[in-house]
Amino acid sequence: MRDDDDRFNGPLPRAMARLARLSTIVASLGGLACLALVVLLDGAARHADLRLVPLYVPVLCITCWGLGRWWAILFAIVAAFVALLPDVLVSSSPLSVATATNALVRTATYIFLALIITAYRRAYDAADHRAMYDGLTGVLNKVPFEAAAARHLAAARRARQSLLVACVDLDGFKEINAIHGHSAGDGALRSFAREAMSAIRGSDLVGRLGGDEFGFLLSASPGHGSEALVHGLHERLTTMLAKTGLPLSCSMGALIVSPRATLSEAELLNRADRLMRKAKADGNGRVLTEPVEGPRG
């Protein structure tokens, strides 16, 4: 969920997150426009014996943040030569050896900066992915899932759209780890997560809430259609677990949430979790549903 800027604290991290989403074309054109502006300002300032050379560096760094390594190197070379324009425009003599040497030094320095920025961007992307997605299963981690669920819930209420909020727990998972080892348990979790992600639509959510418990948030229609969706999802996940050859099933607690409901995403998830535990207590492999209505009027 790349649109979740709430997890970034402070204006600079949020700005970096937004810049990271820019396309190569937009970042390049924006950088070139900024370079042109700096060239004009630098050229005008030199008539007053002022130098604005340091301004090229932040333009280079900000632009390279939005580019891949080779595009960033190309932009660094362009920026280095563009930065020479004010010197050429105010000079009446032909290019000297000193000017050529300065150009080469500036180009090497700009390329070095571009490589640093793009290396840090790759590390940033990797850390961002680890924060967003569970490393074992590939689904959302708990905190990003809850944040995304809050946004989906608010949007559904504005659109007067019903939602399904469900918690699913794997029955017998601890015994699998104890008897067959953690590698078997990890494989079961990965298979479960793949099936869960293939079973939902692109606008729906699935996240790992911890251990062998997963959360779902799906768009739904009120009435029997939602019941059928819940039981269809549970049946599909149960069938997948049976194919692993391990004695696994899953218990599910699902809430059919009216757009009039006023509970927060945290309250809905807690309620779905309690319903799931009740289903588990009634016997493995069960699913319970419950409507959540709001005040009428």
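Can you confirm whether Glu213 is under 18 Å from Leu275 (Cβ atoms) and out of contact with any Pro (no Cβ under 8 Å at 6 or more places or on another chain)?
Taking the combined requirement at face value, the residue satisfies it.
Among the residues of the range 257-297, write down those that are hydrophobic (A, V, I, L, M, F, W, C) and not in a loop (DSSP other than H, G, I, E, B).
Residues satisfying the conditions are Val257, Ala266, Leu268, Leu269, Ala272, Leu275, Met276, Ala279, Ala281, Val287, Leu288, Val292.
I'm trying to understand the selection: among the residues of the range 172-223, which are among the polar types (S, T, N, Q) and modelled with pLDDT of 90 or more?
Correct list: Ser183, Ser191, Ser198.
Just to be sure, is Leu37 within 34 Å of the chain's Cα centre (by Cα) and surrounded by 14 or more Cβ atoms within 10 Å (Cβ to Cβ)?
No: the conditions fail for Leu37.
Which one of these does Arg208 not meet: (1) in contact with a Ser or Thr (Cβ under 6 Å, 6 or more places away or on another chain); (2) outside any helix (DSSP H, G or I); (3) over 23 Å from Ala155 (Cα atoms)?
For Arg208, the exception is condition (3).
Please go through the range 110-162 and give me each residue that is β-branched (Val, Ile, Thr) and either assigned by TED's automatic domain parsing to the domain that holds Arg190 or in contact (Cβ under 8 Å) with a residue 24 or more places away in the chain (or both), ordered by number.
Of everything in the range 110-162, those that are β-branched (Val, Ile, Thr) and either assigned by TED's automatic domain parsing to the domain that holds Arg190 or in contact (Cβ under 8 Å) with a residue 24 or more places away in the chain (or both) turn out to be Ile111, Ile117, Thr118, Thr137, Val139, Val143.
Evaluate the range 120-136: report whether one residue or more is over 30 Å from Phe192 (Cα atoms) and part of a helix (DSSP H, G or I).
yes
How many of the residues making up the range 172-187 are part of a helix (DSSP H, G or I), of a type in the set (Gly, Ala, Ser) and in contact (Cβ under 8 Å) with a residue 12 or more places away in the chain?
3
Scan the range 211-239 for residues that are outside any helix (DSSP H, G or I) and aliphatic (A, V, I, L, M) and report the count.
If we filter the range 211-239 for residues that are outside any helix (DSSP H, G or I), which is where we start, we get 211-223.
Next, from what is left, pick out any that are aliphatic (A, V, I, L, M): 217-218, 220.
Qualifying residue count, the range 211-239: 3.
Could you check Asp169 against (1) surrounded by 16 or more Cβ atoms within 10 Å (Cβ to Cβ); (2) assigned to a helix (DSSP H, G or I); (3) outside the structural domain of Ala20 (by TED's automatic domain parsing) and say which number it fails?
Tallying (1) surrounded by 16 or more Cβ atoms within 10 Å (Cβ to Cβ); (2) assigned to a helix (DSSP H, G or I); (3) outside the structural domain of Ala20 (by TED's automatic domain parsing), Asp169 fails exactly one: (2).
If you check Arg18 against the conditions, is it modelled with pLDDT of 75 or more, touching a Leu at 6+ places or on another chain (Cβ under 8 Å) and of a type in the set (Lys, Arg)? Can you show your working first?
On the way: modelled with pLDDT of 75 or more: yes; touching a Leu at 6+ places or on another chain (Cβ under 8 Å): no; of a type in the set (Lys, Arg): yes.
It is false that Arg18 is modelled with pLDDT of 75 or more, touching a Leu at 6+ places or on another chain (Cβ under 8 Å) and of a type in the set (Lys, Arg).
Check whether at least one residue in the range 190-199 is assigned by TED's automatic domain parsing to the domain that holds Ala272, buried (at least 21 other Cβ atoms within 10 Å of the Cβ), in contact with a helix residue (DSSP H, G or I) (Cβ under 9 Å, 6 or more places away or on another chain) and under 30 Å from Glu293 (Cβ atoms), and report yes or no.
Filtering the range 190-199 down to residues assigned by TED's automatic domain parsing to the domain that holds Ala272 leaves 190-199.
With buried (at least 21 other Cβ atoms within 10 Å of the Cβ) added as a condition, the list becomes 192, 196.
Restricting the remaining residues to those that are in contact with a helix residue (DSSP H, G or I) (Cβ under 9 Å, 6 or more places away or on another chain) gives 192, 196.
So of that shortlist, the ones also under 30 Å from Glu293 (Cβ atoms) come out as 196.
Yes - at least one qualifying residue is present in the range 190-199.
Could you check, for the range 248-256, whether at least one of its residues is closer than 18 Å to Leu218 by Cβ, in contact (Cβ under 8 Å) with a residue 60 or more places away in the chain and part of a loop (DSSP other than H, G, I, E, B)?
No, the conditions are met nowhere in the range 248-256.
Using the structure shown, decide if Arg190 is under 24 Å from the mean Cα position of the chain (by Cα) and without any contact (Cβ under 8 Å) to a residue 24 or more places away in the chain.
no
Determine whether Phe112 is closer than 22 Å to Glu267 by Cα and either in contact with a Lys or Arg (Cβ under 6 Å, 6 or more places away or on another chain) or assigned to a helix (DSSP H, G or I) (or both).
no
Among the listed residues Glu265, Glu227, Glu293, which satisfies the condition of being buried (at least 22 other Cβ atoms within 10 Å of the Cβ), charged (D, E, K, R) and either in contact (Cβ under 8 Å) with a residue 24 or more places away in the chain or under 30 Å from Leu136 (Cβ atoms) (or both)?
Numbers: Glu227 fails: buried (at least 22 other Cβ atoms within 10 Å of the Cβ); Glu293 fails: buried (at least 22 other Cβ atoms within 10 Å of the Cβ).
Matching residue, one of Glu265, Glu227, Glu293: Glu265.
The values are calculated or read from the model by the stated rules, or taken from the named source; none is laboratory data. Here the structure is a predicted model, which is why all the values come from computation and not from measurement. Glycine gets a Cβ as well: all are built from the backbone with ideal geometry, and neighbour counts include every protein chain shown.
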